[in-house]
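To start, the structure itself, in structure tokens.
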Amino acid sequence: MFVELIDLLRCPRPHEDTWLVAAAEETVGRHIVRGTLGCPLCEAEYPVVDAVADFGEAQVAGSAADAITADDTMRAAALLGLDAPGTTVVLGGAWQAVAAPLAELAGTRVLLLDPVHAEPLREEVSALRGGGGLPVAANALRGVALDAYTADEPRVAAAVRALAPRGRLVAPADVPVPAGLTELARDARHWVAERDASSESRPIALSRPRRSDR
Ligand SMILES: [Zn+2]
């Protein structure tokens, strides 16, 4: 788990949003390879083992039916609309195949969800398992791509919440498009949908001083 990505993680338990406190027992560069992520509110502890943060209840890994290979890197970049570097995306399950080339191609940071196999340590790619939904801060992600195993209902709902306005969700074609997203395109394999932008105007308006205040 790359230390900078830990800021985006949130305790998955049902209470007020809170970041997690990292305690490292073993680090390699700026990765925590072994340690603990602790919740200051409910005192839950989530172990980091072999650089993967474990939130429990991981999905069954890997699916031959949802075969995604490194050849899908351009497809992933286009579907997720990765037109600017420095953003963060979540890739679920079989999408792991495009993680490293996508990070390189798009200059994006990748958080793997329930990775199928061990991923070599690199600053741009970190991994977590389980968590029921998606233990990531609201409005934090440019995109999320889920495979057949990670696109269950709680995960899809959590992905919508974790997406920034106009962030994109890619999921298997047979998964229903959830409320709060507008479908942009689909083919036999996947659909891509964009998070509605309506929620972005409110915080922007509130952050500006009103004329009468000057
Ligand atoms: Zn907690």
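Values computed for the structure shown
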| quantity | calculated |
| --- | --- |
| Of all accessible heavy-atom area on the chain, the percent that carbon and sulfur account for (1.4 Å) | 52 |
| Relative packing of 88-97, 7-16, which averages over residues the other C-beta atoms within 10 Å, highest first | 88-97, 7-16 |
| Solvent-accessible area of Val175 with every protein chain in place, 1.4 Å probe, in Å² to the nearest 10 | 20 |
| FRET efficiency, 1/(1 + (r/R0)^6) with R0 45 Å, evaluated for Ala157 and Glu26 via beta carbons | 0.85 |
| Cys with no candidate disulfide partner in the chain (beta-carbon separation under 4.7 Å rule) | Cys42 |
| Arg168 accessible area, 1.4 Å probe, all protein chains in place, Å² to nearest 10 | 50 |
| Average accessible area per residue (Å²) across the chain - probe 1.4 Å, nucleic acids and ligands excluded | 50 |
| Two-site FRET efficiency, Glu4 against Arg186, from Cβ-Cβ distance with R₀ of 41 Å, rounded to 0.05 | 0.75 |
| Estimated [θ] at 222 nm from DSSP helical runs (n ≥ 4, -39500 (n - 2.57)) normalised by residues in the chain, nearest 500 | -5000 deg cm²/dmol |
| GluC sites (Glu not before Pro) within segment 72-159, DSSP loop, no more than 12 other Cβ atoms inside 10 Å | none |
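The values are calculated or read from the model by the stated rules, or taken from the named source; none is laboratory data. All values reported here derive from a predicted model rather than from experimental measurement. Glycine gets a Cβ as well: all are built from the backbone with ideal geometry, and neighbour counts include every protein chain shown. Heavy atoms of the whole protein, side chains included, go into the accessibility calculation; ligands, DNA and RNA do not. Shrake-Rupley method; radii C 1.70, N 1.55, O 1.52, S 1.80 Å.
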